[in-house]
1. Could we say that Lys104 is closer than 30 Å to Glu163 by Cα, of a type in the set (D, E, K, R) and at pLDDT 80 or above here?
2. Does Met160 satisfy the condition of being at pLDDT below 90 and hydrophobic (A, V, I, L, M, F, W, C)?
3. Return the residues of segment 119-149 that are in a strand (DSSP E or B) and aromatic (Phe, Trp, Tyr); say none if nothing qualifies.
4. Can you tell me which of (1) in a helix (DSSP H, G or I); (2) hydroxyl-bearing (Ser, Thr, Tyr); (3) modelled with pLDDT under 85 is the one Tyr213 doesn't meet?
5. Step by step: first the residues of segment 74-110, then only those that are basic (Lys, Arg), part of a helix (DSSP H, G or I) and over 17 Å from the mean Cα position of the chain (by Cα), then the one that is surrounded by the most Cβ atoms within 10 Å (Cβ to Cβ). Which residue is that?
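The values are calculated or read from the model by the stated rules, or taken from the named source; none is laboratory data. Keep in mind it's a predicted model, so treat the numbers as computed, not measured. All Cβ positions, even for glycine, are placed from backbone atoms using ideal geometry, and neighbour counts span all protein chains on display.
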Amino acid sequence: MQNFKRLISFKEHIIIWTFVLVLSIIMIYIQHTVGELGKTFWLSLIPSVIIDSLFILIASYFIAYFLRKSEKRRAKNQVYKMLGNRYEKMILNLAKDYITFITKKPVVTKNSIDNIEDVKEQIHELSINMQNYISSNFYKENVKVFFFDDQIKTNSISEMFQEKQWTVHRYIQYLKSTHLKNMDLFITKYISVIPEDLREILFRVEDTLQGNYFVTELDYAPKIDISIFYLNVEEFSEVFKELSKDIYYLLTYFEGIQENDTSKNFRGGLFHHSNSQILLFLILFPMLFYVLIKIGLLSR
């Protein structure tokens, strides 16, 4: 019920009810002008008014819902046009490093290193089967990474990538220092245009990365070995599962925003409108037609 009330503001409620009352008064006035306000009229008017009022109210709520949905889509489309490439690059890099952190090995993608669809699939798989990756030795296992060494004298770029074994604490420090900085700069720079729901998830991911589950021995002075502490596998699995869902949400946030090539070829007309606008028209026209018919019948 609370979510239903959010579809429309208090001011809009007043406007809808005022419209219903004004329409009812107009109907009564027309009947009084052309006929009589006898018992038969009032008995037939009561169910008619109830049906008309319900029809108008339900249609109004649907209209408000589709208008809000359409407006949200337009806002997301504008943000994507402004920030799409920068946003996707930031989240894609975060997702790949996160996969490496959980699986303890470099992320492998099909065809291209920036294959976002493949990364989405891997993140989704982590969100479902996180318990397969978290064990009591999770913070004791090293993370395999590929380190780019430009000091190596060779004509092959692939030979400059050297396999390294980092402790999980060192990798967490890299993960936090790199991506918390990138996210903070992104949010600070574009906070005025980032949609509220996207901002909420970005902040939640930041909070998780800064939380106790990403604390390392390097965060303490003097240095202590936190790997000796008991690891609640179930609790940690649940936290990382939720983080995987948040990252997947960020990866898929702008899905379906861009119009397909077919719709871009049409200018104006029905094809130029979004699905929400088309549904709005389909609701609005029958509603107007119905009201006009009712007024015509009462005026006879």
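1. On the way: closer than 30 Å to Glu163 by Cα: yes; of a type in the set (D, E, K, R): yes; at pLDDT 80 or above: yes.
So Lys104 fits the description; yes.
2. Working: at pLDDT below 90: yes; hydrophobic (A, V, I, L, M, F, W, C): yes.
When the stated conditions are applied, Met160 passes them.
3. Initial filter on segment 119-149 (in a strand (DSSP E or B)): 143-148.
Passing the criteria: Phe146, Phe147, Phe148.
4. The failed condition is (3).
5. If we filter segment 74-110 for residues that are basic (Lys, Arg), which is where we start, we get 74, 76, 81, 86, 89, 96, 104-105, 110.
Among the residues that remain, those that are also part of a helix (DSSP H, G or I) are: 74, 76, 81, 86, 89, 96.
Right, trim to over 17 Å from the mean Cα position of the chain (by Cα) and you get 86, 89, 96.
Working: Arg86: 13, Lys89: 13, Lys96: 20.
Looking at the filtered set, the residue picked out is Lys96.
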